[in-house]
Amino acid sequence: MQPCFKFAAIQIGAGTDKALNLQRAASLVAKAAKDGAKVVSLPEYFNSPYGTEYFKLYAEKVPDGESCRSLASMARQNQIYLIGGSIPEADGDNLYNTCTIWGPTGDIIGKHRKVHLFDVSIPGKIHFQESEALTPGCSYTTFDTPFCKIGVGICYDICFAELAGVYAQKSRCPSLTSGEKCFGLLQNYAEELWSKKKDESDSYRCILLLTSRCKVLVYPGAFSMITGPTHWELHLRSHAVDNQIYVVGAAPARVATASYVAWGHSSVVDPWGTVLIETDEKEVIVQADIGIDVVRRCVERDKAGEGADCGLPRDQEYLERADMVERSSTLGIYAN
């Protein structure tokens, strides 16, 4: 695997014109790729306004809808791995908040349906019930690149540490087939995932999904003006330092006139828990070089067995990792 690659998060706000939203997204993705990004993420609901009244109106089939065709073209034309933020997906009678992932050939290589729907009611501040219109997903989503394996969640998924833990840790046993508890995963969550398998290929998919460690987690997320200032950075940093991996939050730009106003502040956090780069609320491209060597030692410790220390004092190891961050991370942020 290549030791370093450039990641870009596109912070863009969506209006009511879907065609214009897609056109603007394509322009910014092309700009990020031209600047060297190999993996690019769009934000949650990049093709439509965020609100329960909009989901059905903007919903599409996956992978045949207008937005998916546009995403496939962006990935193919720019020869990148593209995490397509999220769009409202129509599947039968159900609607989902869905992130599609595309390879450099323009083929779809992953699909994540938001597992944890955002239902919140704070008197006098915010009332939002995603579950009024959407159906939750029930699976994990990772994809492979020449650089590393990457895990994906959507917005409120970030509030549940078990999901990040599964992505970040190796399975110590064939945990789903044996009925044993998955490492880092609540028992009932594992049983639910296993019970929803459709055939033997799904069984193998569940097992393989838990046997290879992700080194980057990406959360396209539209945190609100209430939850964002308090929780957005906190969740990004906690998952990064707890799991010793990179975490990227790809947020939409703030549209002050929208019915749901997003916090913005797209960020990249390293395995040390340091915010490498964070933007404000404006439309912008956030980019950072991801140094895979930064997570190398914790992977070595994992291979050596749970609790092994690879022969280095922990303080010394942390200092070496911090030095690798300083040497390997090149940061950039630019408005458009």
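The values are calculated or read from the model by the stated rules, or taken from the named source; none is laboratory data. Predicted model only: the values in this text are computed from it and were never measured. Positions of Cβ are backbone-derived with ideal geometry, glycine not excepted, and every protein chain shown enters the neighbour counts. SASA here: full protein model, heavy atoms, side chains in, ligands and nucleic acids out. Shrake-Rupley method; radii C 1.70, N 1.55, O 1.52, S 1.80 Å.
The table for this structure:
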{"quantity": "Meets criteria (open to solvent by less than 60 Å² (accessible area, probe 1.4 Å), closer than 21 Å to Tyr50 by Cα and outside any loop (DSSP other than H, G, I, E, B)) for Gly264", "calculated": "no"}
{"quantity": "Count of region 59-72 residues which are buried (at least 24 other Cβ atoms within 10 Å of the Cβ) and in contact with a Ser or Thr (Cβ under 7 Å, 6 or more places away or on another chain)", "calculated": "1"}
{"quantity": "Looking only at region 228-270, and only at residues there that are of a type in the set (Val, Ile, Thr) and out of contact with any helix residue (DSSP H, G or I) (no Cβ under 9 Å at 6 or more places or on another chain), the one that is nearest to Gly165 (Cα to Cα)", "calculated": "Val241"}
{"quantity": "Long-range neighbours under 8 Å by Cβ, at least six apart or interchain, first residue at positive phi within region 153-170, second among the basic types (Lys, Arg) and modelled with pLDDT of 90 or more", "calculated": "Cys155/Lys114"}
{"quantity": "First in region 121-134 and open to solvent by less than 90 Å² (accessible area, probe 1.4 Å), second anywhere and assigned to a helix (DSSP H, G or I) and of a type in the set (Lys, Arg), Cβ under 7 Å, 6 or more apart", "calculated": "Ala133/Lys56"}
{"quantity": "Test: residue in region 73-90 that is assigned to a helix (DSSP H, G or I), open to solvent by less than 10 Å² (accessible area, probe 1.4 Å) and in contact (Cβ under 8 Å) with a residue 24 or more places away in the chain", "calculated": "yes"}
{"quantity": "Any hit, region 283-305, residues being at pLDDT 95 or above, open to solvent by 20 Å² or more (accessible area, probe 1.4 Å), among the basic types (Lys, Arg) and over 19 Å from Ile83 (Cβ atoms)", "calculated": "no"}
{"quantity": "Single residue of Ser259, Ser238 found to be at pLDDT 50 or above, part of a helix (DSSP H, G or I) and not aliphatic (A, V, I, L, M)", "calculated": "Ser238"}
{"quantity": "Criterion: assigned to a helix (DSSP H, G or I) and either on the phi < 0 side of the Ramachandran plot or crowded, with 23+ Cβ neighbours inside 10 Å (or both) - qualifying residue of Val40, Val29", "calculated": "Val29"}
{"quantity": "Unmet criterion (only one of (1) of a type outside the set (Val, Ile, Thr); (2) over 21 Å from the mean Cα position of the chain (by Cα); (3) under 15 Å from Ala253 (Cβ atoms)) for Ala32", "calculated": "(2)"}
{"quantity": "Cβ-Cβ under 9 Å pairs, at least 6 apart or on other chains, region 20-35 side of a type in the set (D, E, K, R), far side assigned to a helix (DSSP H, G or I)", "calculated": "Lys34/Asn78"}
